Amino acid sequence: MNQQSSIWLPEAASTIAGDVDALFYFILITSIILFVGVISTMVYFAWRYRRRSDADRPEPVYENKLVEASWVVFPTILVAVVFIWGFKVFLEQGIPPPNSYEINVTARKWSWTFTYPNGVVSADLHVPTNQPVKLRMTSEDVIHSFFVPAFRVKADVLNGRYSYVWFESPKQDTFIVACTEYCGTSHSDMYSRVIVQSQDEFDQWLSDNMDDGTLTPAERGQRLYTQQGCFACHSLDGSVAAGPTFLGLAGSVRNFTDGTSAEADDNYLRTSIVNPMLQIVEGYPPVMPGQYAATLSVDDIDALVAFIKEY
Ligand code: CUA
């Protein structure tokens, strides 16, 4: 099958994408043939056997065993072909090869993070080329759905259990990850990227991003900003998202929806992380999750405050 994107499908960049597309085109083309066949026969018959005068009466029609048998047998074969073919592709998609490289995926409102076997956490999914990759996915809150159109893989990501997808990409390039389950305010911004690299580049990237224990608090904060998915709602460059940007936040005066205001000092920053519903900044919806008091350590919060103050 065609590897380039077309009007029908995005580019095909995984080992199973060709099989999925072939089945898709088979169903599409047989549907078109049947549709055109049925409709044109219907139109032709309506015209051919129209009533020409009041005396015009149709001749009685008797059974034709061959025609009747064919419209039982032919559709049965057709759906059996689609079922068997579809089931084969489904199994192929569902069963990761035993030598798969495993990466954990965490979804939350409204970001994805990827955790590698050596502890590196990133906001983009880096994978080596020509290597089966198995994703073990879970959600911190509601149901999301992990979808890489170019790889033709998609699975719901649930809270409290794991779901899986696997793929192998022969193509060094960058592809889109989308969330395809409506999950609230910023669902439509819940994108990430898959970066397919050579094995060497991938290994280099993995070792470059290892935490060697020598980070400053602000550097640790930067890591947490990625790991915890803060970037989904809080930009660093002033651009607008579901939450206030971190640019120029520390030290500024914040106006709240209850009419009060406060200066964004260390205590304000800390409170905003651990008790986000206490003071809602004007112009923003009250949507920040409240679990950070339980999931972040005192050191983590110190690190995030130090990081925010750098912007
Ligand atoms: Cu997550 Cu839609």
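Taking 21 Å as the limit for the C-alpha separation, the pairs LYS134/LYS154; LYS109/LYS134; LYS88/LYS134 exceed it in the case of LYS109/LYS134. Note on the chain: helix-only mean residue ellipticity at 222 nm, from DSSP H runs of 4+ residues weighted -39500 (n - 2.57) and normalised by residue number, equals -11500 deg cm²/dmol. Our coupling estimate for segment 125-135, obtained by passing each phi through the Karplus curve with A = 6.51, B = -1.76, C = 1.60 and θ = phi - 60°, is 8, 9, 9, x, 6, 6, 9, x, 10, 10, 9 Hz, Gly and Pro reported as x. Scanning residues 5 or more positions from ARG136 or on other chains, those with amide H under 5 Å from its amide H are ILE103, ASN104, VAL105, with H placed 1.01 Å from N in the peptide plane.
Check SER111: other-chain or 5+ apart residues with amide H under 5 Å from its amide H, H built from backbone geometry? Hits under the 5 Å cutoff: none. As a test of understanding, state the convex hull volume per residue of the chain from its alpha carbons, in Å³. Measuring per residue, one finds 211 Å³ for the Cα hull of the chain.
Given a 10 angstrom Cα cut-off, can you work out which residue in THR216, THR226, THR245 is the most mobile in a GNM of the chain? For the chain, modelled as a Gaussian network with Cα springs under 10 Å, the answer is THR216. Screening the chain for whole DSSP H helices of 18 Å or more along their axis (Cα) with average Kyte-Doolittle hydropathy at least -0.5 returns 17-48, 65-94.
Within the listed set ASP300, ASP212, ASP156, the Gaussian network model of the chain (springs between alpha-carbon atoms below 10 Å) gives the highest mean-square fluctuation for ASP212.
Read-outs throughout are calculated quantities, based only on the coordinates presented, and are distinct from any laboratory measurement. These numbers come from a predicted model, not from an experiment.
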